[in-house]
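This report refers to the structure that appears directly beneath it.
The values are calculated or read from the model by the stated rules, or taken from the named source; none is laboratory data. Note that the structure is predicted; figures quoted are calculated from it, not measured. Cβ atoms come from the backbone with ideal geometry, glycine included; neighbour counts cover every protein chain shown. Areas reflect the complete protein model, heavy atoms only, side chains present, ligands, DNA and RNA absent. Shrake-Rupley method; radii C 1.70, N 1.55, O 1.52, S 1.80 Å.
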Amino acid sequence: MSVDHQTAEARFLEPRILAPFLITALIWGSTWIAIKYQLGDVPPSWSVTWRFTGAAIGMFVFAAFKRLPLMPDTRGLIVAAVMGCSVFSLNFQFVYRSEQYITSGLVAVLFALLLVPNTVLSRVFLGQRITRGFMVGTAIALVGIGLLMLHEYRLALAQNAAMGAKVLIGGLMVMTALLFASVGNVVQASPAARGQPVPTLLAWAMMIGALVDGTIAWILSGPPRFDLTPSYAGGVAYLAIVGTVVTFPMYNGLLRALGPGRAAYNGVLVPVVAMLISTVFEGYRWSLLAGSGATLAMIGLVVALRARNPSR
């Protein structure tokens, strides 16, 4: 083991690094089931709107507490607008709706494939190289995802043909969400974004996203609707504050300390947590097919991340 690798391992195992790494993975792993409980009397578009309205307010408060500028420059506003429309609006519009068709754990596993469009778009727009190892890892992960989808489809089809179709619709919605999320992620890696304070940029992106979400909600579902029950209101607060405002600054610290490559392993742990939670709360039924698929998906993602080595 090289000296550099030993140093990186030591840094990763330090409490100041390991603690936020595990906390963000546990929180983000739990947000998928929290989204599931947002689906009910309130239309999905309004639930997304309330989440990012609260998150934007919380992020502005955080930026003010850190004494950061609350107004980005013109380039920052453009970046925030693109992020808001792609990541905090259209992305989550499809994510929330997908959980009406498939389990939250499966949505989390599918979303872990965000690495794929991220890398392709980074290659096209930022000139980052795609390695052979990344392609191999991606192929392994895709086989695993295919097995998970097949397991879910068989279970649904055993009930009736309409349920089988719902699994396919849910999967397509997640794939669409991935594309919008990836656009926002690539924009965040651009030179225009790097010069902006992260909390300020996120606050504006979330505010713009909430405005777009509200417009979509009003067009599709009519006037604003909110559920004052503790379960719904508490879920909105949890997703907005804990799942967004608390975790994004911690993850940004991991990016600075570990680099994007090692910090990205967080994305491998999140779906594992989500699948375990889904098993407990949604009664997700495991089989040899599903277990093999989940294992291959995680192995493939680790192989792809190691091969890509974004930290360099």
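Summary of values
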| item | result |
| --- | --- |
| Scan of region 231-249 for residues that are more than 30 Å from Leu68 (Cβ to Cβ) and either surrounded by 13 or more Cβ atoms within 10 Å (Cβ to Cβ) or under 21 Å from the mean Cα position of the chain (by Cα) (or both), ordered by number | Tyr232 |
| When residues of region 92-140 are limited to those that are small (Gly, Ala, Ser) and under 17 Å from the mean Cα position of the chain (by Cα), the one nearest to Ala181 (Cα to Cα) | Ala112 |
| Neighbours by Cβ (under 7 Å, 6+ apart or cross-chain): first from region 21-35, modelled with pLDDT of 90 or more; second not in a helix (DSSP H, G or I) and not polar (S, T, N, Q) | Ile35/Glu99 |
| Qualifying position, being touching a residue at least 12 places away in the same chain (Cβ under 8 Å), assigned to a helix (DSSP H, G or I) and open to solvent by less than 20 Å² (accessible area, probe 1.4 Å), among Leu202, Leu220 | Leu202 |
| Residue in region 93-108 that is open to solvent by 20 Å² or more (accessible area, probe 1.4 Å), modelled with pLDDT under 75 and either assigned to a helix (DSSP H, G or I) or touching a Phe, Trp or Tyr at 6+ places or on another chain (Cβ under 9 Å) (or both) present | no |
| Qualifying position, being modelled with pLDDT of 75 or more and among the basic types (Lys, Arg), among Arg129, Arg123, Arg154 | Arg154 |
| Matching residues, region 176-199, being assigned to a helix (DSSP H, G or I), buried (at least 21 other Cβ atoms within 10 Å of the Cβ) and among the polar types (S, T, N, Q) | Ser182 |
| Selection status of Met173, open to solvent by 60 Å² or more (accessible area, probe 1.4 Å) and either within 18 Å of Leu113 (Cα to Cα) or modelled with pLDDT of 90 or more (or both) | no |
| So Arg75, is it over 18 Å from the mean Cα position of the chain (by Cα), farther than 20 Å from Gly209 by Cα, open to solvent by 40 Å² or more (accessible area, probe 1.4 Å) and not hydrophobic (A, V, I, L, M, F, W, C) | no |
| Flag for Leu228 being of a type outside the set (Ser, Thr, Tyr), free of Cβ contacts under 8 Å to residues at least 60 places away in the same chain and open to solvent by 40 Å² or more (accessible area, probe 1.4 Å) | yes |
